[in-house]
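The structure appears below as structure tokens.
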């Protein structure tokens, strides 16, 4: 958006907003769906006490639950999507609040379900699962039974369910504070006063004027400094909730609890951190090359987002970006590209920033509607072209998963999701490198962009993952979770990951207070494992033939039928081993070799 003013929601053109009619044609239709939810909820307890009587009784219950969940998912998706386009709109707040209230009641009303299924004797359940009536639910039941040691009694499950809405308070307050209430002022850039926001912050950090970068950095973190005690208290409360939940369910730690649903051993998490630490010399070489490229005596934290070269100007209108994405993804076949292009230009995407809109980007798949994408697209940021292809990867993963699975099996894990999205980024990067072969300036820009993205996705997300692990360990050991603890732990990691030659201003430690993913604990490591798997899979597809392409598409189609490590192994990557992470860092090192050679030209 070229204007210095951020538009209000009603100033965004209809063709630049997503079309939510695949969910509901009108607000009245949504209200009816919510009313249907509320009328069904009291009936969901009618199966209580019958589940162990026969396969027929169990199947009848699961069928009714599935029908309700499909309705609830659709209703909740509409409310969530509207809320994220403008969190300051009272109607959006009300709609989302009404859905959350209904969902909390439903969770409480169905709290008997899992404990009662778990109480069925193993031999009886094994016999039940032979029934054709339960064919759609055998995977769900098998995964559920694996969690048997961590399922509580009906009364305990009901108490936890009743508490679920209030458990979201810290995250909701953090989002309201940082996305809606906090103001960061304006920055004078080339004689024009431009608003500093969560979305524009990165653009300012890529300004050619170092004084603008430094001013934006200081002013942005000054905004967080004013609210640091509040945000620290919110995050401390969220960590304590994680610890409480893990203890309540008899896990040894919050980390074990978070990894359990995906059946991921803690060794995968620990190996990721250990491998990244062992390759710090490669990461520190990256920062030294960036210092040289920028011609600085010392690289500062507010300099690290600068591209390796400013000799090129890259600009894509939204439609040009779509065309570039589709061209890059041609190795995946005509069906994939046709479906994605129609979606990106036909209502899947909410394109541009507006006041009150959530920062960043996401894709939201739903079983009975389109896989919607939220963007804050800016034409002059190549990063936003990569964001588009990334979110398109998520949405096509959802499209294939819905097409290939019954509802209980369609919802894939985030572990797998981050592979599908970063795989698309790999294809785009390699496509652009070929397109601009012979153009040394553009090649330096693109190799630098890939290196920047690898640092952001692999090393930076691992640093976040390590911070989460350390903070939760402090809480589990009984240490007070204070602002100073958060700042101290975060600064130690900044110093280790950035190395001794990068200047870290005092306010750098405040960065740990602004990461929204921390309110969904132990999630970010999946970005790093995702890019590692994506590098391997991209090599296979680009250097292989129809077999490799089909195997990758089968991975997208598998949905939630397998645990993520098993799913990726079938696709050709063993993430239980450190080898894919090592190979991905080796690929990063070759990018640095390219950058160094191109800089000498």
- Query: What is the order of 340, 162, fewest Cβ neighbours within 10 Å to most?
  - Reply: 162, 340
- For segment 143-199, projected area of the alpha-carbon convex hull averaged over all directions, nm²: 6.9
- Query: In what order do 541, 573, 192 fall by count of nearby beta-carbon atoms within 10 Å, going from fewest to most?
  - Reply: 192, 541, 573
- Task: Based on other C-beta atoms within 10 Å, arrange 171, 517 from fewest to most.
- Result: 517, 171
- Task: State, in angstrom, two size descriptors of segment 450-601 derived from its alpha carbons: Rg to one decimal place and Dmax to the nearest whole number.
- Result: 18.6, 56
- Enter the angle in degrees (range 0 to 90, nearest 10) between the Cα long axis of helix 27-40 and the first principal axis of the Cα atoms of the chain, meaning the one along which they spread out most. 40
- Message: What number does segment 271-356 give for Rg over Rh if you use C-alpha atoms and the Kirkwood radius?
- Response: 1.14
- Query: When the Cα centres of segment 177-198 and segment 515-540 are compared, how far apart do they sit, in Å?
  - Reply: 30
- Query: Of (1) 76, 55, 50; (2) 92, 64, 48; (3) 96, 52, 45, which is the value of Cα extents along the principal axes in Å derived from the coordinates here?
  - Reply: (1)
- Give the share of C-alpha pairs in each 10 angstrom bin for segment 513-586, from 0 to the last occupied bin, in whole percents, shortest bins first. 18, 45, 28, 8, 1
- Note on the structure: In whole percent, the Cα-Cα distances of segment 1-85 spread across 10 Å bins from 0 upward as 14, 33, 23, 16, 8, 5, 1
- Item | Cα-based Rg / Dmax (Å) for segment 293-452 | 17.0, 59
- Reduced to Cα centres, the span from segment 330-396 to segment 32-98 in Å works out to 27
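Counting DSSP beta bridges with both partners in the chain, what percentage is antiparallel, nearest 5?
On the way: 7 of 11 bridges.
Around 65 percent antiparallel, to the nearest 5.
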- Item | Volume per residue that the Cα convex hull of segment 9-167 spans, once the total is divided by residue count, Å³ | 132
- Item | Among 388-400, 255-267, the order from most to least packed when residues are scored by Cβ within 10 Å on average | 388-400, 255-267
- If you take the Cα atoms of segment 422-503, find Rg, then find the Kirkwood Rh from the mean of 1/r over all pairs, what is Rg/Rh? 1.20
- Based solely on its DSSP helices, what 222 nm [θ] is calculated for the chain when runs of n ≥ 4 H residues each add -39,500 (n - 2.57) and the sum is averaged over all residues, nearest 500 deg cm²/dmol? -19500 deg cm²/dmol
- Over segment 208-332, the quotient of the Cα radius of gyration and 2.2 N^0.38 Å is 1.58
- Helix 414-435 sits at what angle to the longest principal axis of the chain, using alpha carbons and giving 0 to 90 degrees rounded to 10? 30
- How long are the semi-axes of the ellipsoid equivalent to segment 86-191, from square roots of 5 times the Cα gyration tensor eigenvalues, in whole Å, largest first? 44, 17, 14
- Once residue 546 and residue 515 are pulled to full extension, the length gained, defined as 0.36 nm per residue separation minus their Cα-Cα distance, is 7.1 nm
- Rounded to the nearest 10, the angle in degrees between the Cα long axis of helix 210-226 and the longest principal axis of the Cα atoms of the chain comes to 40
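A short reminder: the numbers here are calculations on the coordinates, not readings from a lab. Please read these numbers as outputs of a predicted model, since none were measured by experiment. No Cβ is skipped: glycine too gets one built from the backbone with ideal geometry, and neighbour counts run over all protein chains shown.
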